[in-house]
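Structure first, commentary second.
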Amino acid sequence: MHSTIQKLDDPGRREFMSGVAKTFLGVSLFPGAAFAAGGNDRKLPVRKNPAKKIIYLYMSGGMSHLDTFDPKPDAASEYRGNLGVIKTSADGVRISEYLPRIARHMDKGAIINSLHSRTGAHAQARYLMRTNYDKRGTIKHPHMGAWLLKYQDRINKQLPGFVSINSGSRSAGAGFFGANFEPLVVGNPGAGLQNSKHFSWVDDDTFIRRRNLAVDLDRSFHENYGDKEAGVYTAMYDEAATLMRSSDLNAFNLEDEKEDVRAQYGEHSFGQGCLLARRLTESGVRSVEVQLNGWDTHQENFQRVQQNTAILDQALAALLDDLSARGLLEETLVVLTTEFGRTPKINQNKGRDHYPRAFSAFLAGGGIKGGTIYGKTDENGMDPVENPITIADFNATVAYGFGLPLDQRLFSPTARPFTVANRGTPVMELFS
């Protein structure tokens with residue numbers, strides 16, 4: 001048997017040992033450390049100087065590509081409306097006139113204008129973009145932020161590794177990785193971390209004494225039943241108690257920021273969420289998601305997109321300024337994405353409908369080659385005509401940016417193998 005194992009390649013040995021562990025011990029082997037990207041299947045080159053953190057900006061509802069990063073100034077008015085385009089800090093790169101501040105940062109980022117999928121329903125498309133897998137009733141797949149945390153662990157052990165802002169508790173989270181990899185959900189970024197202090201009439205000594213008593217009461221249950229999930233939640237409670245007493249808790253307090261800094265991001269939930277993301281990233285949080293709602297523009301598309309882009313333009317430009325000034329941009333990958341685009345042809349309600357056949361995304365920092373446009377749609381923005389990229393390819397690109405092993409298989413509790421990017425192929429041209 002030993003000689004048989006010796007003959008296996010690395011993936012084969014890992015799968016064999018995982019199967020043994022599952023059969024005899026009832027567990028799955030999930031690597032807990034970082035790996036070089038590629039694995040042994042496709043022999044992708046190792047990512048040098050990978051990013052360490054991610055700020056994931058999600059445009060919920062389906063951001064219109066024609067009105068943001070893929071404008072078509074020469075198209076007929078029933079496609080472009082009255083929208084104009086503007087020059088950017090990158091030679092030859094033009095974007096919507098709705099994004100003047102982002103235009104000044106285009107030398108730091110890359111636009112992808114050839115994303116496409118077949119999923120045009122919101123819930124399913126959001127799930128696909130965040131997890132790389134189709135939404136099913138029998139399994140919950142991990143968010144990309146959970147994959148990053150799974151492979152690379154926390155940077156600051158006193159803070160959560162994954163924080164989700166404005167996205168709600170029903171968003172994709174840890175999936176089958178379990179409760180240890182669930183994001184901490186923050187509903188109001190300006191309010192600090194809620195329920196993070198014990199009652200004013202309970203001092204620290206009393207709190208610790210009560211906590212120790214609860215542990216003693218639970219000990220016999222754990223000894224008799226050894227329930228894994230109960231153990232996980234006990235560990236989460238201990239982490240919460242540690243966070244309550246940690247000086248790093250102050251990272252959630254935006255009141256510490258100067259008024260002019262808060263104003264630069266914008267006095268709206270998304271802008272303040274981006275500011276909180278910067279603070280958390282600076283304090284060692286591995287993965288932060290911030291969501292901006294309101295992109296489902298079936299009616300009055302241009303009015304609503306102009307309102308949303310004003311928020312996005314201010315917040316993202318401030319974030320890129322701030323990260324760059326603090327020396328954080330090279331180690332932080334900023335990802336802006338959405339579930340699908342909008343129909344190129346304007347409908348009878350002056351709106352645009354769901355359109356997965358073509359849409360855009362934006363990447364900056366983390367070794368991304370600035371001033372880049374990857375992919376191209378036709379003259380009306382209907383379909384990709386150059387370098388089409390799937391959602392799996394896009395997420396593989398993000399994962400590769402962190403040096404994650406794209407071909408490493410992790411097993412769900414039902415013994416099904418999964419990879420971080422579902423066999424997507426990273427776009428190597430996007431990295432410097």
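We did not get these values from a lab; they are worked out from the coordinates using the rules stated. Treat the numbers as computed from the prediction; the structure is a model and nothing was measured. We place every Cβ from the backbone using ideal geometry, glycine too, and count neighbours over all the protein chains shown.
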ask   = Ranking 89, 432, 164 by Cβ neighbours within 10 Å, fewest first, what do you get?
value = 432, 89, 164
task = Would you order 429, 259 from fewest to most other beta-carbon atoms within 10 Å of each residue's own beta-carbon?
result = 259, 429
inquiry  = At a 10 Å Cβ-Cβ cut-off, how would you order 118, 80, fewest neighbours first?
reply    = 118, 80
task = Would you please classify the overall shape of region 94-183 from the alpha carbon gyration tensor, given that a ≥ b ≥ c denote the square roots of the eigenvalues, rounded means a/c under 1.5, and beyond that prolate means a/b larger than b/c while oblate covers the rest?
result = oblate
ask   = Using 1/(1 + (r/R0)^6) with R0 = 30 angstrom and r between the beta carbons of residue 349 and residue 86, what's the FRET efficiency to the nearest 0.05?
value = 0.65
key: Taking region 47-185 and dividing mean pair separation by its residue count, relative contact order in percent (alpha carbons under 8 Å, at least six apart)   = 15
note = From the Cα centre of region 94-131 to that of region 300-340, the distance in Å is 11
inquiry  = If amide hydrogens are placed 1.01 Å from N in the peptide plane, which non-local residues have theirs closer than 5 Å to the one on residue 165?
reply    = 186, 289, 290, 291
inquiry  = How would region 346-432 be classified by its alpha-carbon gyration tensor: rounded, prolate or oblate, with rounded meaning a/c under 1.5 and the a/b versus b/c comparison settling the rest?
reply    = oblate
ask   = Between residue 432 and residue 325, what FRET efficiency comes out of the Förster formula 1/(1 + (r/R0)^6) with R0 = 30 Å and r the beta carbon distance, rounded to 0.05?
value = 0.90
